[in-house]
């Protein structure tokens, strides 16, 4: 899925060699950035590899046996370095499939600041626990960032709000309330998804607040984005309301909103999944949305969104508050 949690890729293959080089590095870089674990399955099975391989010469047999063993090692390397599991030299896949589903619903996600050089290479990771009775399965390596070549301009560090928005999980820092109202239209390619976010912090006069919103489809493709910046007037611990809208085709999406308050160093984000229904006639009813007056200051609300909150629209409604359970 395109959700914020751990994602799984199942690879069923019978490789006959090992991998390495730039392709190897690119693969692990992509999986670690996307928070993807590879679960590899080898459909070949034999109690005796030597007996399972038929070759005309001793040299050919030796070559095939070595290729088989390298292929199994490749599947294990792919799985172990991404936090997944390899099922090879077995024809009992039930346990491996069950473990894969268990792993996607119960796991710890840890992070740390590494002191390794920015060389763009794969570096080893070892995760330990004080309790020696437990068995740990975790990524066994990561690819560090690569420093720019001498004489080239350094790439600016991403803004805090961008980092939080792109993270695999929500960040429960700044309190955020997030609600969406979906309005199907006659054109299934341009349904209107209105959203409102309220961000709470102890603002001081002149403080900046950055808010960004993102719409992702189930293939993790960006289908809409928006960005806002507000300057606070006056002091006080209060909520600030931001509003916007996306035009999306019918389908399922994940909407993300992230906020950053640079003065305090606080950031936060909320992810919510919505279904944009297909209009099937002159009237489409997906649920009921209710809106109440609020003391939160409005940073921006376009005309369409104001009309949405001012009229008794029949529409799909979804809401989430940071720290809540999906």
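Every listed requirement among (1) part of a helix (DSSP H, G or I); (2) closer than 14 Å to residue 137 by Cβ is met by residue 69 save one, (2).
Take segment 76-103 and flag every residue that is over 18 Å from residue 122 (Cβ atoms) and modelled with pLDDT under 80. The answer is 89, 90, 91, 92.
Based on what the data block shows, is residue 171 surrounded by 15 or more Cβ atoms within 10 Å (Cβ to Cβ) and assigned to a loop (DSSP other than H, G, I, E, B)? The answer is yes for residue 171. Quick check on residue 111: is it assigned to a loop (DSSP other than H, G, I, E, B), under 30 Å from residue 229 (Cα atoms) and modelled with pLDDT under 80? It is true that residue 111 is assigned to a loop (DSSP other than H, G, I, E, B), under 30 Å from residue 229 (Cα atoms) and modelled with pLDDT under 80. Scanning segment 232-246 for residues that are out of contact with any strand residue (DSSP E or B) (no Cβ under 6 Å at 6 or more places or on another chain) and either surrounded by 15 or more Cβ atoms within 10 Å (Cβ to Cβ) or part of a strand (DSSP E or B) (or both) returns 236, 238. The set of residues from segment 114-137 being in a loop (DSSP other than H, G, I, E, B), touching a strand residue (DSSP E or B) at 6+ places or on another chain (Cβ under 9 Å), at pLDDT below 80 and closer than 19 Å to residue 78 by Cβ comprises just one member, 121.
Quick one: in segment 43-56, of everything that is in a loop (DSSP other than H, G, I, E, B) and in contact with a helix residue (DSSP H, G or I) (Cβ under 9 Å, 6 or more places away or on another chain), which residue is modelled with the lowest pLDDT? That would be 46. Evaluation of residue 140 against the conditions (1) in contact with a strand residue (DSSP E or B) (Cβ under 7 Å, 6 or more places away or on another chain); (2) at pLDDT 75 or above; (3) on the phi < 0 side of the Ramachandran plot shows that the sole unmet condition is (2). Scanning segment 174-224 for residues that are in a strand (DSSP E or B) and without any contact (Cβ under 8 Å) to a residue 24 or more places away in the chain yields a single hit, 222. I'd like to check something: does segment 264-285 contain any residue that is closer than 22 Å to residue 176 by Cα, modelled with pLDDT of 50 or more and not in a strand (DSSP E or B)? Within segment 264-285, one or more residues are closer than 22 Å to residue 176 by Cα, modelled with pLDDT of 50 or more and not in a strand (DSSP E or B).
The values are calculated or read from the model by the stated rules, or taken from the named source; none is laboratory data. What you see is a predicted model; the values in this text were computed from it and never measured. Glycine gets a Cβ as well: all are built from the backbone with ideal geometry, and neighbour counts include every protein chain shown.
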